[in-house]
Amino acid sequence: MSELFDKHGGFRKLHSFTLATLVQLETLRFCRRFLTHDHRQAREKFYDPKGRQYDQMTQAARSGRQNIIEGSERSSTSKDTEMKLTDVARASLSELRGDYEVFIIDSGELPWSVHSEEASIVNAISIDPAPFQDDVVHESAKYALQQRRKYARWLDSQDPVVVANAMLIIISRALNMLKSQIAAQGKAFEETGGFSERLTTRRLEAREEQRNSEPSPPCPQCKQTMRRRRSAKGEFWGCTGYPACKGTKPME
């Protein structure tokens, strides 16, 4: 008998979650460093007196990470919801990527070419396997900061355009991972169904088991036991020896 509930959680071991965590942390840091009053003269065009750009970027980064969490936690009862929330995470990070692109262009520069040396170096950085077992909150935070050190050369730069370009690459990697996750979630749903489908199957199995445990009359023709059967006219007793024996009996 298949499990009724899927396993859920486990998001902290996903590389997409690790990158989304870095994206949220570094977007907060980026906005504090380059979109605040202190940097008004240095970045006149991106001075954000009402905080709208700051809010939009930090909220998009937060949505990316939080929807990965919620989708993972909801996976036990709804694969459909898990896929939708994962897609929301992807949409939020796509929106954030657009903000970093505009920042670079508004600064009078172009995003790094994927063929550039700098982009190739950042793209080549690999994420270590998640090592934690039980102290997941503490260990996952420590792990994320360890992975962040690999990007520190660019994220700690005093040039906001360098930081923004590094963020574009990190976000793009997270988006590709989320795309693969959605595909895997869809395949799992096709193969095993979701909670609703398994619950219906479980109910039908229980109902059939209950019916089969009921006393059945002997076949009027061969005396073998009979079992419940269904036709367009309703239920009836049919011989278990069918098709060799076609004995039937109306249901009382």
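The values are calculated or read from the model by the stated rules, or taken from the named source; none is laboratory data. Only a predicted model underlies this, so the values are computations on that prediction, with no experimental measurement involved. Positions of Cβ are backbone-derived with ideal geometry, glycine not excepted, and every protein chain shown enters the neighbour counts.
Consider the range 218-235 and keep the residues that are over 46 Å from the mean Cα position of the chain (by Cα) and in a loop (DSSP other than H, G, I, E, B). The one that is modelled with the lowest pLDDT is Lys233.
Between Val137, Val102, Val163, the distinction of being in contact with a helix residue (DSSP H, G or I) (Cβ under 7 Å, 6 or more places away or on another chain), assigned to a helix (DSSP H, G or I) and either in the same structural domain as Gln59 (by TED's automatic domain parsing) or modelled with pLDDT of 95 or more (or both) belongs to Val163 only.
Taking the condition touching a residue at least 60 places away in the same chain (Cβ under 8 Å) and surrounded by fewer than 15 Cβ atoms within 10 Å (Cβ to Cβ), does Asp55 pass?
For Asp55, the condition - touching a residue at least 60 places away in the same chain (Cβ under 8 Å) and surrounded by fewer than 15 Cβ atoms within 10 Å (Cβ to Cβ) - is not met.
Within the option set Ile127, Ile121, being among the β-branched types (Val, Ile, Thr) and at pLDDT 95 or above holds for one residue only, Ile121.
One residue is enough: does the range 201-217 have a residue meeting the conditions of a type in the set (A, V, I, L, M) and modelled with pLDDT under 80? Yes: one or more hits. Report yes if some residue within the range 113-127 is farther than 21 Å from Gly10 by Cα, in contact with a Lys or Arg (Cβ under 8 Å, 6 or more places away or on another chain) and part of a helix (DSSP H, G or I); otherwise report no. Yes, some residue in the range 113-127 is farther than 21 Å from Gly10 by Cα, in contact with a Lys or Arg (Cβ under 8 Å, 6 or more places away or on another chain) and part of a helix (DSSP H, G or I).
Suppose the filter is within 25 Å of Pro160 (Cβ to Cβ) and either in contact with a Gly (Cβ under 9 Å, 6 or more places away or on another chain) or at pLDDT below 95 (or both); does Lys84 pass it? Step through it out loud before you land on a result.
Values: within 25 Å of Pro160 (Cβ to Cβ): no; either in contact with a Gly (Cβ under 9 Å, 6 or more places away or on another chain) or at pLDDT below 95 (or both): yes.
So Lys84 does not fit the description; no.
Specify the residue that is farthest from Asp55 (Cα to Cα); the eligible residues are those in the range 111-141 that are hydrophobic (A, V, I, L, M, F, W, C) and surrounded by fewer than 12 Cβ atoms within 10 Å (Cβ to Cβ).
Ala124
Sub-6 Å Cβ pairs linking a first residue in the range 102-124 that is on the phi > 0 side of the Ramachandran plot to a second residue that is assigned to a helix (DSSP H, G or I) and at pLDDT 95 or above, at least 6 apart or interchain, number zero. Could you tell me whether the range 68-90 includes any residue that is under 22 Å from Asp159 (Cα atoms), in contact (Cβ under 8 Å) with a residue 40 or more places away in the chain, in the same structural domain as Ala164 (by TED's automatic domain parsing) and not in a helix (DSSP H, G or I)? No, every residue in the range 68-90 fails to be under 22 Å from Asp159 (Cα atoms), in contact (Cβ under 8 Å) with a residue 40 or more places away in the chain, in the same structural domain as Ala164 (by TED's automatic domain parsing) and not in a helix (DSSP H, G or I). Counting the residues of the range 92-110 that are surrounded by fewer than 17 Cβ atoms within 10 Å (Cβ to Cβ) and within 13 Å of Ala20 (Cβ to Cβ) gives 1.
For residues that are more than 13 Å from the chain's Cα centre (by Cα) and not charged (D, E, K, R), scanning just the range 166-187, find the one that is surrounded by the most Cβ atoms within 10 Å (Cβ to Cβ). So the residue we want is Met167.
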